[in-house]
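Novice: My structure is below; once you've seen it, I'll send some questions.
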Amino acid sequence: MAACVARISPVRSIFAYQPPASPYSSLHRRVYQPVGAPCRPNSSAVKLAEVGKFEEPKIGKYATGQLFLHRIFGYRGVILFPWLARVFDRDLVNRKDVIKPVTEASSEKSTTASSSSTESSPQFHNIGTGRDVKGRTVPYYQVLIDSRDCPYVRAQTESVTFLGHQSETSRSLYAIPGLDYISHEDVLPYVSVERSPIFHELFDKFLHFDATKGQFEGKETLLAWQDRNHPWLELSDVHRETTENIRVTVIPFYMGCKKDSGQGGSQSIYWWRYCIRLENLGEQVLQLRERHWRIFSLSGTLETVRGRGVVGQEPVLSKSLPAFQYSSHVSLQAPSGHMWGTFRFEKDDGSSVDVKIPPFSLESKDDESTTYTVT
């Protein structure tokens, strides 16, 4: 039941497709339509239900409990807490009209993920590009996705994964459904007219409604959960690059280290996950056909990986469905390395274009506790 926008002057209201009450109603939901697209129910069995009203976008950071629609994927969500991320945007290297990043002077507990990153001291990143890329600090957010919208989102809704206990001999990865990371510009804030605006098993556990303030706020359980799982939730660097109107955004995360006791020895295996968003900024329809990765390890190895599509899919990026997002994992036998590569897209006329994946570091953390659990 993805949300749509109906422009009713002077207030913009948000509506969602809502099938009639039925034990089989989940089978009759409308297919996802992007925010801003006209809402055209094609069946008398479908109706629109108002879910809220838009607010003015904020200049500074959004607070815990802020409801929003995702600007690209259209799902309903709620902000759990902000991170400070260093964005290394290769598209801005030769641009003069660089927009200042959105930051705020406050230093709340929930924004301490990157205490060494400040707007006044930009970071520089240079991996296999032959040029310096200046990093700017901007707000990103940890959010919950409304489970009602998950079937219609062109993004993996299990993008947050973590390792099991050190005592486990397997290389098991565990996922938390319905968590996402979004940029400040992705947020379309709204206030809800519903009692339970977000359907997610963690919503009531983490948030409560403060009637005196008229807004949702975080519970102690949210602060404790963030504190306990900070190492594998932390977002620090974001990398962007555009090739022929296809923008690739990469966010890497260090997950931890596991001991592999096979072959009579004890080898440390370092794990990372990375989230990739593909966006078509142009008018032409393109389809992702192939991926080509180069993975360099500090141990001196250079691995090449080629394959069809990504995560078993070959998504089409068009004007009506311009984006696709997925997550994957990589492991090295060294505490650091870096990755780069290309995605091959096919155009309508049969020709192809190789879209650059911006190079990004794989860095481990000097933390003896490299496995984290959720309770």
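Novice: Given the options Phe216, Phe206, Phe253, name the one that is under 24 Å from the mean Cα position of the chain (by Cα), closer than 19 Å to Pro82 by Cβ and free of Cβ contacts under 8 Å to residues at least 24 places away in the same chain.
Specialist: Phe253
Novice: If you don't mind, there's one more thing I want to ask. Taking region 260-313, which residues are surrounded by 12 or more Cβ atoms within 10 Å (Cβ to Cβ) and farther than 25 Å from Lys356 by Cα?
Specialist: Asp260, Ser268, Ile269, Tyr270
Novice: Output the residues belonging to region 157-195 that are at pLDDT 75 or above, surrounded by 19 or more Cβ atoms within 10 Å (Cβ to Cβ) and part of a loop (DSSP other than H, G, I, E, B).
Specialist: Matches in region 157-195: Gly178 only.
Novice: What number of residues in region 261-302 are part of a strand (DSSP E or B) and either touching a residue at least 40 places away in the same chain (Cβ under 8 Å) or among the basic types (Lys, Arg) (or both)? Outline the logic, then answer.
Specialist: Initially, region 261-302 is screened for residues part of a strand (DSSP E or B), giving 267-280, 286-297, 302.
When the remaining residues are screened for being either touching a residue at least 40 places away in the same chain (Cβ under 8 Å) or among the basic types (Lys, Arg) (or both), the result is 267-280, 286-297.
So the count comes out to 26.
Novice: Run down Val330, Val311, Val305 and say which single residue is touching a residue at least 12 places away in the same chain (Cβ under 8 Å) and more than 17 Å from Gln156 (Cβ to Cβ). Break it down stepwise before answering.
Specialist: Details: Val330 fails: more than 17 Å from Gln156 (Cβ to Cβ); Val311 fails: more than 17 Å from Gln156 (Cβ to Cβ).
Criteria check complete, one pass: Val305.
Novice: Let me ask something else about it. Give just the number: which of (1) modelled with pLDDT of 95 or more; (2) open to solvent by 40 Å² or more (accessible area, probe 1.4 Å) does Pro358 not satisfy?
Specialist: Failed condition: (2).
Novice: If you don't mind, there's one more thing I want to ask. Out of the residues in region 238-259 that are open to solvent by 10 Å² or more (accessible area, probe 1.4 Å) and in contact with a helix residue (DSSP H, G or I) (Cβ under 9 Å, 6 or more places away or on another chain), state the one that is nearest to Gln287 (Cα to Cα).
Specialist: Arg247
Novice: If the requirement is being in contact with a Phe, Trp or Tyr (Cβ under 9 Å, 6 or more places away or on another chain), at pLDDT 90 or above and either acidic (Asp, Glu) or in a loop (DSSP other than H, G, I, E, B) (or both), which of these qualifies: Lys61, Lys53?
Specialist: After ruling out the rest, the residue left standing is Lys61.
Novice: Which members of region 337-351 meet the condition of being assigned to a strand (DSSP E or B) and open to solvent by 20 Å² or more (accessible area, probe 1.4 Å)? Explain how you work it out, then say what you get.
Specialist: So the first thing to find is which residues in region 337-351 are assigned to a strand (DSSP E or B), and the list is 337-347.
Hits for region 337-351 are His338, Trp340, Thr342, Arg344, Glu346, Lys347.
The values are calculated or read from the model by the stated rules, or taken from the named source; none is laboratory data. Note that the structure is a prediction, hence the values are computed from the model and not measured. Backbone-built Cβ (ideal geometry, glycine too); neighbour counts: all protein chains shown. The area values use the complete protein model at the heavy-atom level, side chains included, leaving out ligands, DNA and RNA. Shrake-Rupley method; radii C 1.70, N 1.55, O 1.52, S 1.80 Å.
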